[in-house]
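Inspection log for the structure reproduced underneath, given as structure tokens.
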Amino acid sequence: YTNQDHFQFRFRVHCESQFTEWVIDDIVLHSDSTVLGIENNPLLPIKFSLHQNYPNPFNPVTNIRFDIPELSFARMDIYNILGQRVRTLFHGAVEPGYHIAQWDGRSDLGEELPTGMYMYKLHAGSYIAMEKLVLLK
């Protein structure tokens, strides 16, 4: 434990002069806070976060992970490189928890968008974050 927000465990197996490697992520570490008399729900995030989409680049669908620690009015939009909003993935109340939004590379009108760089923006309460992604056809 290094007191960081993200961890990655890597395992490597050596078998007949070939290496096989696995990476395990999305691990939640829990600490026992009962000594301090603090009750919390370790299944809920402690802060707002917007993660890098995967896969990236993508075709035909990508996943966008985000964490919401409290009930929030939230919105996630996709923008083209010119800053024009091309898609709203959701807009409304979001329960606390770990979430995944999917984007299929289409606009709000259902049109397939061209190859290129896009940005996704999460606005939840006073939290605002933006990341880049690449759509490949």
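Between Q102 and M130, the distance separating the two model label sites (each 7 Å from Cα on the Cα→Cβ line) works out to 2.7 nm.
Rolling a 1.4 Å probe over the protein chains gives R85 an accessible area of about 120 Å².
PRE reach from T88 (point 7 Å along Cα→Cβ): which of the stretch 97-137 fall under 16 Å by backbone N? Correct set: 107-110, 121-125. The share of accessible area on the stretch 43-128 that comes from carbon and sulfur is 55 percent, using a 1.4 angstrom probe. The listed residues M119, M130 rank as M130, M119 when sorted by accessible area, largest first, using a 1.4 Å probe. For K121, a cut-off of 20 angstrom between C-alpha atoms picks up these lysines, skipping any fewer than 8 places away in its own chain: K47, K132. Straightening the chain between E112 and I46 buys 20.1 nm, computed as 0.36 nm per residue apart minus the Cα-Cα spacing. Accessible surface of L109, taken over heavy atoms with a 1.4 Å probe and every protein chain present, rounds to 140 Å².
The values are calculated or read from the model by the stated rules, or taken from the named source; none is laboratory data. The structure presented is a predicted model; accordingly, all values stated were derived computationally and were not measured. As a convention, Cβ positions derive from the backbone with ideal geometry for all residues, glycine included, and neighbour counts pool all protein chains shown. The area values use the complete protein model at the heavy-atom level, side chains included, leaving out ligands, DNA and RNA. Shrake-Rupley method; radii C 1.70, N 1.55, O 1.52, S 1.80 Å.
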